[in-house]
Amino acid sequence: MSTRRTESAAETERLAAELARELEPGDVVLVSGELGAGKTTFVRGACRALGVREPVVSPTFTLGRRYEGERCPVSHLDLYRLAGSPDEEPGLFDEYLTPDAIAFVEWPEAAELPPVRVAARVVLRHAGGDAREVEVQRER
Ligand code: ADP
Ligand code: MG
């Protein structure tokens with residue numbers, strides 16, 4: 001596990017890019033932290049490093065988005081709006097969590113994911129002003 005302190009959004013994006021380089025299709029990265037901690041910023045940095053050219057913003061009205069990356073498709077899910085809903089539609093994640101794609105999941109604790117290969121767990125915490133503590137735990 002590594003914990004690093006970042007002083008700006010750009011620095012968090014760079015940290016995410018480092019992790020992105022190690023990822024392979026089928027890998028899922030869980031990204032936790034309270035609102036504004038920098039989860040979407042982290043995912044954006046990783047997506048850029050994976051060659052995604054589209055804007056990477058919070059998927060607000062959908063559960064997720066699927067981007068075209070350089071090496072493979074890249075999925076970005078935000079499960080926030082699922083929190084507290086008892087029944088999940090079966091197959092809800094099917095279009096995003098596919099073996100050919102690398103996936104990033106914000107608010108992973110808000111729902112039960114199907115069995116996937118979790119490659120890393122990331123936790124972001126506010127550390128005063130623009131500072132963040134970014135914990136990256138690689139699972140393999
Ligand atoms: P979340 O997805 O966790 O709600 P966002 O990434 O959408 O958070 O928002 C984080 C906000 O904090 C952005 O406006 C970003 O520019 C800002 N920010 C400031 N400093 C940092 C930092 N060190 N790391 C990440 N984001 C930062
Ligand atoms: Mg977000």
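No lab work stands behind these numbers, since they all come straight from the coordinates. Model, not experiment: these values are computed from the prediction. Glycine gets a Cβ as well: all are built from the backbone with ideal geometry, and neighbour counts include every protein chain shown.
FRET efficiency for the pair Arg4 and Leu35, taken as 1/(1 + (r/R0)^6) with r the Cβ-Cβ distance and R0 = 25 Å, rounds to 0.75.
Helix-only arithmetic for the chain: the sum of -39500 (n - 2.57) across DSSP H runs with n ≥ 4, divided by the residue total, places the mean residue ellipticity at 222 nm at -5000 deg cm²/dmol. Over the range 1-65, Cα pairs under 8 Å with separation of 6+ residues give a relative contact order of 38 percent. Each Lys and Arg Cβ is given +1 and each Asp and Glu Cβ -1; about its Cα centre, the range 1-92 then shows a dipole of about 300 debye. The shape of the chain can be summarised by an equivalent ellipsoid whose semi-axes, obtained from the alpha carbon gyration tensor, come to 22, 18, 14 Å from longest to shortest.
For the range 14-97, trypsin sites (Lys or Arg not before Pro) meeting the loop criterion (DSSP other than H, G, I, E, B) and having at most 16 other Cβ atoms within 10 Å: Arg21, Arg53, Arg71. Quick check: the distance between the Cα centres of the range 31-53 and the range 85-117, to the nearest angstrom? Measuring centre to centre over Cα atoms gives 17 Å. For GluC sites (Glu not before Pro), the sites in the range 49-117 that DSSP calls loop and that have at most 13 other Cβ atoms within 10 Å are Glu70, Glu95, Glu112.
Summarising the label geometry, the points placed 7 Å from Cα in the beta-carbon direction at Arg117 and Thr60 lie 3.5 nm from one another. Within the shell defined by Cβ-Cβ distances under 9 Å, the residues around Leu30 carry a net charge of -1, with Lys and Arg each +1 and Asp and Glu each -1.
Taking the charge dipole of the chain about its Cα centre, with +1 at Lys and Arg Cβ atoms and -1 at Asp and Glu Cβ atoms, the residue from Val57, Leu92, Ala20 reaching farthest to the positive side is Ala20. Sites listed here are GluC sites (Glu not before Pro) in the range 1-58 whose DSSP assignment is loop and whose Cβ has at most 16 other Cβ atoms within 10 Å: Glu7, Glu22, Glu34.
Applying 1/(1 + (r/R0)^6) with R0 = 25 Å to the Cβ-Cβ distance of Glu133 and Thr98 gives a FRET efficiency near 0.20. Here the Gaussian network model covers the chain, with springs between Cα atoms less than 10 Å apart; of Gly69, Gly84, Gly45, Gly84 fluctuates the most. Look at Cys72, Cys47 and count the other Cβ atoms within 10 Å of each Cβ; fewest to most, that gives Cys72, Cys47.
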